[in-house]
Amino acid sequence: MKHKTIAVSLFALVGSLAAFGFWPQRLSVEIPFDYYVSGVAMAAGRYVIDGHTHNQSILIVRNSRGSAHAIAATRPEGVATDGRSELLFHRYGNTYFLARVTNGASGIVRRLPVSDEEKEMAENSSLPLQQLALTIEPPAEPARR
């Protein structure tokens, strides 16, 4: 199976909010395509990604309007040392699956399990798996006068 990595930087689309449990920085990002999180279909739009206060393996993804959310059990996958936050998606044609979340502020990297929908897509599709990394840029510092 072919693997391709496509990197996309999203500038000025991300903000850091107040600390929340183990996840010291909420990630806020505009995701420009529909995608799946643990089998839950999510429409393109602005999302906040947070860790659960009492269980470090739980990741909460919700849109900014509060009308869609998904909760995913994750597992640790190393530590990021470059300070960069990133979402990694598995892509089959025009279908995307959230696969990994990196919080650059804490260095925490969390891998999401492969959902039944993604397994089925991988088994029944002639399309190769591609990886799409959305690098989340921190908000710009305000100009000083």
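The values are calculated or read from the model by the stated rules, or taken from the named source; none is laboratory data. Just so it is clear, the structure is predicted and the values come from calculations on it, not from any experiment. Note: ideal-geometry Cβ built from the backbone for every residue, glycine included; neighbour counts use all protein chains shown.
Output yes when any residue across the stretch 46-55 is at pLDDT 90 or above, farther than 15 Å from residue 27 by Cβ and assigned to a loop (DSSP other than H, G, I, E, B), and no when none is.
No, there is no match, as no residue in the stretch 46-55 is at pLDDT 90 or above, farther than 15 Å from residue 27 by Cβ and assigned to a loop (DSSP other than H, G, I, E, B).
Scanning for something in a strand (DSSP E or B), free of Cβ contacts under 8 Å to residues at least 40 places away in the same chain and over 11 Å from the mean Cα position of the chain (by Cα), does the stretch 86-103 turn up at least one residue?
yes
When the residues of the stretch 84-118 are narrowed to those that are among the small types (Gly, Ala, Ser) and out of contact with any His (no Cβ under 6 Å at 6 or more places or on another chain), which ends up nearest to residue 71 (Cα to Cα)?
Taking the candidates together, the pick is 115.
Answer with yes or no whether residue 89 is crowded, with 17+ Cβ neighbours inside 10 Å, within 22 Å of residue 130 (Cα to Cα) and modelled with pLDDT of 80 or more.
Here the answer is yes, as residue 89 does meet what is asked.
Any idea how many residues of the stretch 94-108 are closer than 17 Å to residue 37 by Cα, touching a strand residue (DSSP E or B) at 6+ places or on another chain (Cβ under 9 Å) and surrounded by fewer than 19 Cβ atoms within 10 Å (Cβ to Cβ)?
Number of matching residues: 2.
Looking at residue 84, is it more than 21 Å from residue 43 (Cβ to Cβ) and modelled with pLDDT of 95 or more?
No.
Given the residues 140, 122, which is the only one that is modelled with pLDDT under 90 and either crowded, with 19+ Cβ neighbours inside 10 Å or not basic (Lys, Arg) (or both)?
140
Identify, please: which residue in the stretch 45-56 is free of Cβ contacts under 8 Å to residues at least 40 places away in the same chain and in contact with a strand residue (DSSP E or B) (Cβ under 6 Å, 6 or more places away or on another chain) and is, among those, farthest from residue 135 (Cα to Cα)?
The qualifying residue farthest from residue 135 (Cα to Cα) is 52.
Could you check the stretch 92-109 and list, in sequence order, the residues that are small (Gly, Ala, Ser) and modelled with pLDDT of 95 or more?
99, the sole residue that qualifies.
Just name the residue that is nearest to residue 82 (Cα to Cα) out of those in the stretch 125-137 that are at pLDDT 90 or above and among the hydroxyl-bearing types (Ser, Thr, Tyr).
The extreme case among them is 135.
If the requirement is being assigned to a strand (DSSP E or B), without any contact (Cβ under 8 Å) to a residue 60 or more places away in the chain and on the phi > 0 side of the Ramachandran plot, which of these qualifies: 78, 66?
78
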